[in-house]
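The block underneath contains the structure these notes are about, expressed in structure tokens.
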């Protein structure tokens, strides 16, 4: 029997991102390595931010997004944010929910610069490289 071509938006979403990413996807192993490296950098990351003021984009999510940009050869932050808006795999890897909005590309760039100036990106990649996995 042929299904109907119904086009209506859902009011609620119960998508489990973990279930949407296949068990043997290569990003699963990479994400485990990345999360381990980020846990080791907790003190370095905390030192870059003031305890007061508006919350920034979490640096862990920025670094994961930057990895995706490199892995998938995405040429700009604007395109990366567009991809993060609709790609469930990207949302899962970065750690944002289905209903969360992607960040503005200019805010992403400003926060990314903080990580690069603080030498965090270098420490992060070194920690990933040293991972025993």
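Bear in mind that the values in this text are calculations on the coordinates, not laboratory data. Quantities reported herein were computed from a predicted structural model and do not represent experimental measurements. Virtual Cβ from ideal backbone geometry, glycine too; neighbours counted across all protein chains shown.
Note on the range 20-60: Cα convex hull, mean projected area over all directions, 3.9 nm².
Using only the C-alpha atoms, the convex hull of the chain corresponds to 157 Å³ per residue. By the count of neighbouring beta-carbon atoms within 10 Å, fewest first, 78, 22, 64, 112 end up ordered 22, 78, 112, 64. Our estimate of slack between residue 86 and residue 42, defined as 0.36 nm per intervening residue step minus the Cα-Cα distance, is 12.9 nm. Placing R0 at 25 angstrom, the Cβ-Cβ distance between residue 70 and residue 100 gives a FRET efficiency of 0.65 after rounding to 0.05.
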